[in-house]
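Data block below; observations after.
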Amino acid sequence: MTALVSIITPLYNGKRFVAQTIESVLAQTFQDWEMIVVNDGSKDGCEKIVEDYVQKDPRIKLFNKENGGSASARNYGIKQASGRYFAFLDSDDVWEPHFLESQLFFMKQTGGKLVCSAHKRIDEENKECLKPFYPPQKATYTDLLKTCSISCLTVLYDSEPYGKFYFREDLGSLRDDYALWLEIIKKVGVVYGNQEILGSYRILSNQVTAKKYKMIKPQYGIYRKVEKLGVFRSLYYLCWWGVKGQIKYRK
């Protein structure tokens, strides 16, 4: 294990934004990283954009596979990764230039193995469409059951104590990231939230997670099928999730 950060980026029809995403990685003040882009059967030629970057910087690596969903693509990338630290940056999100430097320092400060941060929320025109999201300074497994306060693009995980973790492909790329955070936090005990705004999460007009009512069934499925909670506990946490979700996405 080295201090190398492995950045996992699933790519599917991401022609419009992937260059901006890669540029935000190239601009990082911390330079010891590898960016693993997994083209998940795209049909818009976006992999050609990535190929141009691969030719310019050997730290960027492109893998092509048949379409299997974001969880499948992320897992493929994790298997190829050789870093100690893992970050997950989707092909339409962007980081601030000091994201990696700040999160690594924050991890050292807190002694945490799993950290996240505050971030902006932008639309397809790069304009802020909601107030910035700030995670709690500290959250436990029980806290995460009530609401997912971890945003994928802001995660940094230290794999040294427990090794690699993988996304749940059986969830059909719905709440698979949430299931992963729950799995990790049961090992590491707590997630620490950096209150510095370190990235921008893009909310697309057709994005499933932006339509909260469509996520009720997958969320309940996490409680019942993944975490094996009883019906009443599942409904209890689902109510918490619904209320906190309304607060999280209000303008």
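The values are calculated or read from the model by the stated rules, or taken from the named source; none is laboratory data. All values reported here derive from a predicted model rather than from experimental measurement. With ideal geometry, Cβ positions are generated from the backbone for all residues, glycine too; neighbour counts draw on all protein chains shown.
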Response to the item:
When the range 80-109 is checked residue by residue, the ones that are surrounded by fewer than 17 Cβ atoms within 10 Å (Cβ to Cβ) and among the polar types (S, T, N, Q) are GLN80, SER82, GLN109
Worksheet item: Taking the range 103-148, which residues are touching a Ser or Thr at 6+ places or on another chain (Cβ under 6 Å) and among the aliphatic types (A, V, I, L, M)?
Response: ILE122, ALA139
Worksheet item: Of the residues in the range 153-179, how many are touching a strand residue (DSSP E or B) at 6+ places or on another chain (Cβ under 7 Å) and surrounded by 21 or more Cβ atoms within 10 Å (Cβ to Cβ)?
Response: 5
Worksheet item: Could you list, in sequence order, the residues of the range 88-113 that are among the hydrophobic types (A, V, I, L, M, F, W, C) and either more than 21 Å from PRO132 (Cα to Cα) or more than 13 Å from the chain's Cα centre (by Cα) (or both)?
Response: PHE99, LEU100, LEU104, PHE105, PHE106, MET107
Discussion item. I need a count of the residues in the range 50-81 that are without any contact (Cβ under 8 Å) to a residue 12 or more places away in the chain and either within 20 Å of GLN28 (Cβ to Cβ) or among the hydroxyl-bearing types (Ser, Thr, Tyr) (or both).
Written reply: 5
Worksheet item: Has the range 62-79 got at least one residue that is closer than 30 Å to GLN137 by Cα, surrounded by fewer than 19 Cβ atoms within 10 Å (Cβ to Cβ), at pLDDT 95 or above and out of contact with any strand residue (DSSP E or B) (no Cβ under 8 Å at 6 or more places or on another chain)?
Response: no
Worksheet item: Looking only at residues in the range 236-251 that are in contact (Cβ under 8 Å) with a residue 12 or more places away in the chain and of a type in the set (A, V, I, L, M, F, W, C), which one is surrounded by the fewest Cβ atoms within 10 Å (Cβ to Cβ)?
Response: TRP240
